[in-house]
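Visitor: Got a structure for you, written out below as structure tokens; questions coming shortly.
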Amino acid sequence: MLYRLYPAVLFLQDGNFYRGWSLFNLSSYMGELVFNTGMTGYQEIISDPSYSGQMVVFTYPEIGNTGLNRKDVESNFVHIKALIAKNISLISSNWRSKVPLRDYLLQKRIPHIFGLDTRSLTKHLRASGVMNSVLCSSDVFNQLSSFNIKNLNSLDLIRKITVRNKYICAIYDKTSLNLNLVSSFYTNSSNAFSVSYNYKIVVLDFGLKFNILRHLLSFGCNVYILPATSSYDSILECQPDAILLSNGPGNPLLANYAINIVQKLVNFSYVPIFGICMGHQILNLAFGARTSKLKFGHRGLNHPSGFKSYSEITSQNHGFVVDNDDSVNLVNSLMSKYFNLNDLTISATFHQSSPFFSVQYHPESSPGPHDSQYLFKVFMKIINLIKLNSKCS
């Protein structure tokens, strides 16, 4: 089948622009321009709430070869503002593929551009930092002299995308199965769900990825997903055995409501807490640490994280980090554990005397390496220890 191509332009805030093509005639779309170095995972990226408000440049030269399936989505919505690639494959070939990327872009009307020099664009972003941009048709570009985009650093994206009402996922709940939360989680059939902890886990949704739920469900947990704006009392009403702070988009400092609630939880509840990505930043802010924005962020599938001679290969997607200074080690015994070995920013922290820990990377992701998935087992063991101690006392 032949498809018509439409001239498109990516116009950067600093005046640079790149010409390419799109599969439908674009109007005008604005967002923050970032790049991802992963060779795979475009379906997960498109549906990842952490990319809300962002236009994603794929540095790998061709995407779309394996199409898309119904089980690898990370949410029920498209969250990226635009997709930018060197080439989009017109043919998809994979035993799980249900729709080619080309058709998906057309069906969902996802803004996109391809045929431009993504190497040049990525080098420019590395040198100048992530920036706002406009994606539009050539006709719109010819009439565009300048643009004004509200800085994402000033937008509370968490409040915008968090779930509106509490919902529950359980391993045998039909609603969970309809969401493909279990059937898409590939486990060894000989030991799948052989250990059922049956814990109540409250997940505060800052921009939750489904794969976090898949891991918790794989341990037989009952998962309560609550809005990021939930009150302290509404969280404890669920009688949680533990709390997970999810990933999410934007500037963590704007989520004061979440920081304040986590402060109350760590001070008064003594319920184990595990933070992932945005959850890591929120937890550290609750302990008095500071965060700052990286020049071009960490977005890729092969970031080494560890300490001294130990390293795990991790999946990362964030623009902000917990500041690596003495303040982290001075606040309530919260200690740095791992570092991103590319730039020595903090990758993990833990509390030396209480059951709180967090990681900047994504242990629920499986881009090839499964190096950090053990953290969910650690989470289960911490919950078990706390419950045993409470029984003994």
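The values are calculated or read from the model by the stated rules, or taken from the named source; none is laboratory data. Note that this is a predicted model, so its numbers are computed, not measured. Backbone-built Cβ (ideal geometry, glycine too); neighbour counts: all protein chains shown.
Visitor: So, in segment 207-252, exactly how many residues are over 16 Å from the mean Cα position of the chain (by Cα), small (Gly, Ala, Ser) and either in the same structural domain as residue 71 (by TED's automatic domain parsing) or not in a strand (DSSP E or B) (or both)?
Guide: Of the residues in segment 207-252, 5 are over 16 Å from the mean Cα position of the chain (by Cα), small (Gly, Ala, Ser) and either in the same structural domain as residue 71 (by TED's automatic domain parsing) or not in a strand (DSSP E or B) (or both).
Visitor: Please enumerate the residues belonging to segment 126-146 that are among the aliphatic types (A, V, I, L, M) and surrounded by 19 or more Cβ atoms within 10 Å (Cβ to Cβ).
Guide: Correct list: 130, 134, 135.
Visitor: Still on this model: Tell me the residue from 273, 259 that is within 20 Å of the chain's Cα centre (by Cα), closer than 26 Å to residue 54 by Cβ and among the β-branched types (Val, Ile, Thr), please.
Guide: So the residue among 273, 259 that is within 20 Å of the chain's Cα centre (by Cα), closer than 26 Å to residue 54 by Cβ and among the β-branched types (Val, Ile, Thr) is 259.
Visitor: Sort out which residues of segment 147-167 are among the hydroxyl-bearing types (Ser, Thr, Tyr) and surrounded by 13 or more Cβ atoms within 10 Å (Cβ to Cβ), and write them in order of number.
Guide: Matches in segment 147-167: 162, 167.
Visitor: Report yes if residue 120 is surrounded by fewer than 18 Cβ atoms within 10 Å (Cβ to Cβ), assigned to a loop (DSSP other than H, G, I, E, B) and among the hydroxyl-bearing types (Ser, Thr, Tyr), otherwise no.
Guide: Criteria not met by residue 120.
Visitor: Before we move on, is residue 361 in contact with a Cys (Cβ under 9 Å, 6 or more places away or on another chain) and either outside any helix (DSSP H, G or I) or closer than 26 Å to residue 254 by Cα (or both)?
Guide: Yes; evaluated as a whole, the condition is true for this residue.
Visitor: So which residues in segment 277-320 are part of a strand (DSSP E or B) and of a type in the set (D, E, K, R)?
Guide: 293, 295, 299, 312
Visitor: Could you run through segment 1-22 and say how many residues are aliphatic (A, V, I, L, M) and crowded, with 21+ Cβ neighbours inside 10 Å?
Guide: Residues meeting the conditions: 3.
Visitor: Could you go through segment 237-244 and let me know if any residue there is of a type outside the set (S, T, N, Q), in contact with a helix residue (DSSP H, G or I) (Cβ under 6 Å, 6 or more places away or on another chain) and surrounded by 20 or more Cβ atoms within 10 Å (Cβ to Cβ).
Guide: The answer is yes, given that some residue of segment 237-244 is of a type outside the set (S, T, N, Q), in contact with a helix residue (DSSP H, G or I) (Cβ under 6 Å, 6 or more places away or on another chain) and surrounded by 20 or more Cβ atoms within 10 Å (Cβ to Cβ).
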